[in-house]
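Notes follow the structure.
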Amino acid sequence: MLMKKAIFGIGIGIAAAASLLVMLSVSVFSTWVLAAPAPQFGRSSKEDKTRLLTGKVLDSGENPLPNAVVYLTNTHTRTVKTYIVGADGTFRFPALQPSIDYEVYAQYNNRKSGTKTVSQFDDRSQVYISLKINTK
């Protein structure tokens, strides 16, 4: 009987040591799993990684130009998106990639604004640009 108690005691000791080892392993492993990479360039890893471009198309007197067409060019792929502004002259291009440069300009009655660039080095998530067209 004494022998059974000794073996049983050793078995419990080994089981306790094994469970302690498992707990230590899990705690070390979970630390590795839960550790998040450091944010890059001041942005949180949970933050939306796209940017929003908004603006207005105006004449030289700061009046909106309804029905002007805004052209947005991805300088990497050369694809072009267009936006026809409403009565208030505003435009909106959501979900732009922050690692790409974009060129934007507007046209109204065969007249064109200057071209502006949204740079990949500008880390703002929202960019506002006014595009002016000389209508005279």
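The values are calculated or read from the model by the stated rules, or taken from the named source; none is laboratory data. Source: prediction; values computed, not measured. Glycine also receives a Cβ, built like all others from the backbone with ideal geometry; neighbour counts cover every protein chain displayed.
Things worth noting here:
- Qualifying residue in segment 108-116 (condition: assigned to a strand (DSSP E or B) and in contact (Cβ under 8 Å) with a residue 40 or more places away in the chain): yes
- Of residues in segment 78-90 being without any contact (Cβ under 8 Å) to a residue 24 or more places away in the chain and surrounded by fewer than 18 Cβ atoms within 10 Å (Cβ to Cβ), the one nearest to ASN63 (Cα to Cα): ALA87
- All positions within segment 57-103 that are part of a loop (DSSP other than H, G, I, E, B) and of a type in the set (S, T, N, Q): SER60, ASN63, ASN67, THR75, THR77, THR79, GLN97, SER99
- Checking segment 23-45 against the condition returns a match, with at least one residue being modelled with pLDDT under 95, surrounded by 12 or more Cβ atoms within 10 Å (Cβ to Cβ) and under 16 Å from the mean Cα position of the chain (by Cα).
- Members of segment 91-136 found to be more than 16 Å from THR73 (Cα to Cα) and surrounded by 18 or more Cβ atoms within 10 Å (Cβ to Cβ), listed by number: TYR108, ILE133
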